[in-house]
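Participant: Here it is, the structure, as structure tokens.
The values are calculated or read from the model by the stated rules, or taken from the named source; none is laboratory data. Not measured: the values here are computed from a predicted model. Virtual Cβ from ideal backbone geometry, glycine too; neighbours counted across all protein chains shown. Areas reflect the complete protein model, heavy atoms only, side chains present, ligands, DNA and RNA absent. Shrake-Rupley method; radii C 1.70, N 1.55, O 1.52, S 1.80 Å.
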Amino acid sequence: MTNRPGMSLIAVLAILLLTAPLALAREDTAANYGFTAADNESYLPESVIAFVRPGLKLEIMDVVVPDDMQPEVTFKITDPAGLPLDREGVSTPGPVSTSFILAYIPTGETAYVAYTTRVQTSPITGDSAEQASSESGGSYTTVENGTYVYKFGTVLPADYDTSATHSVGVYARRDLTEFELDRYVVNEFWDWVPAGGTPEIRDIVKTSTCNRCHDPLAIHGGARTEVQLCVMCHNPTQSIDPDTGDSVDMGYMTHKIHAGATLENGYTIIGYRQSVHD
């Protein structure tokens, strides 16, 4: 066999010419889904991106209060390219869990009061406290793939204030760990006045301010990422820790935590599953 040194260069050039379009296609595919070179997903093969479509977007499309006083939320979940997702993860990769908070701001006041609550009883003191919370145990109806209606299990009082600002907050998580990817989280809101008018939401501290240090802000297992969601539960009237008698109201709690070691008497809260936060 005769050696032909020039063939190695030709082979390399051929490989480059063949693979360059594939690399560009992969970059284009990643970009279409909102991924950049800073994201691990941008380095996935094009076939994986096209099939799994990592990421999550959620849009609240409407909120109505029917005669049974159990609000209904119409929402849409998609991947970053806008393709609809199956919330159960059957026809599209990764189940999507959703939890909902329903709250209002009493007329003349500035802080939320939640309709979605739970009663927490301390095994230490025996005391009980009603705390703001979320719910996910209502009923779901499929409008079409990617679009659903969630009906709250919570029932509004018959005399609820229709002139007050009301808000629905939802935090959703798409679990793609089966594909060795992440759990993708999104928080969204719908603010309205049932009787009509312009809602006046509580918007004192923005998430972007917190993210100057906490980037990203991610609490309760990483599912709550927006301050607007935090203040719907961490409010002045529904935030007592029955174990310690102290408060987890957002403003009070945040200042206590950031004051840290300078506090004369400290700040200790016993939280989920009796975990101690000192």
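Participant: Among 206-214, 115-123, 94-102, what's the highest-first ranking by average C-beta atoms within 10 angstrom per residue?
Facilitator: Ranked from most to least packed, the peptides come out as 94-102, 115-123, 206-214.
Participant: Could you order Tyr43, Tyr252 by accessible surface area, starting with the largest, using a probe radius of 1.4 Å? Numbers along the way, then the final one.
Facilitator: On the way: Tyr43 150, Tyr252 90 Å².
I get Tyr43, Tyr252, largest accessible area first.
Participant: Taking H placed 1.01 Å from N in the peptide plane, check which residues at least 5 places from Glu200 or on another chain put their amide H under 5 Å from its amide H.
Facilitator: Under 5 Å from the amide H of Glu200 lie the amide H atoms of Thr165, each far enough along the sequence or on another chain.
Participant: Continuing with the same structure: For a test of the definition: using alpha carbon positions, the gyration tensor, and the 1.5 limit on a/c, classify the chain as rounded, prolate or oblate.
Facilitator: Details: a/c = 2.75, a/b = 1.82, b/c = 1.51.
Prolate is the answer for the chain, as a/c is 1.5 or above and a/b outweighs b/c.
Participant: Report, to the nearest 10°, how far helix 6-32 tilts away from the longest principal axis of the Cα atoms in the chain, using its own Cα long axis and a range of 0 to 90°.
Facilitator: Its long axis makes an angle of about 20 degrees.
Participant: Using a 1.4 Å probe, how large is the accessible area of Ile257, given in Å² and rounded to the nearest 10?
Facilitator: Surface accessible to solvent at Ile257 totals approximately 100 Å².
Participant: For Leu263, what is the net charge nearby, where nearby means another residue's Cβ is under 13 Å from its Cβ and Lys, Arg count +1, Asp, Glu -1? Don't skip to the end; give the middle numbers.
Facilitator: Values: positive: Lys256; negative: Asp246, Glu264, Asp278.
Around Leu263, the charge tally is -2.
Participant: Sort the range 151-236 into rounded, prolate or oblate with this rule: let a ≥ b ≥ c be the square roots of the eigenvalues of the Cα gyration tensor; rounded if a/c is under 1.5, and if a/c is not under 1.5, prolate when a/b is larger than b/c, oblate otherwise.
Facilitator: oblate
Participant: Now, a different point. Would you please give the residues with an amide H less than 5 Å from that of Arg183, counting only those at least 5 places away or on a separate chain, with H modeled from the backbone geometry?
Facilitator: Leu176
Participant: Further, regarding this structure: Between Asp39 and Asp278, what length comes free when the chain is fully extended (0.36 nm per residue of separation minus the Cα-Cα distance, one decimal in nm)?
Facilitator: Going from the current span to full extension adds 82.6 nm.
Participant: Okay, next question. How far is helix 250-259 tilted, in degrees, relative to the longest principal axis of the Cα atoms in the chain, given as a value from 0 to 90 rounded to the nearest 10?
Facilitator: Its long axis makes an angle of about 70 degrees.
Participant: Per 0.36 nm of contour for each residue apart, how much would the distance between Glu264 and Asn32 grow if the chain were fully extended, relative to their Cα-Cα spacing?
Facilitator: Details: separation 232, 0.36 × 232 = 83.52 nm, distance 5.29 nm.
Working it through step by step, the gained length comes to 78.2 nm.
Participant: Determine the sum of side-chain charges near Ala223: Lys and Arg each +1, Asp and Glu each -1, restricted to other residues whose C-beta is under 10 angstrom from that of Ala223.
Facilitator: On the way: positive: Arg173, Arg183, Arg224; negative: none.
Value of the local net charge: +3.
Participant: Here is a further query. Starting from the Cα-Cα distance between Ser128 and Phe189, subtract it from 0.36 nm times their residue separation and give me the gain in nm to one decimal.
Facilitator: Values: separation 61, 0.36 × 61 = 21.96 nm, distance 2.97 nm.
Computed gain between Ser128 and Phe189 is 19.0 nm.
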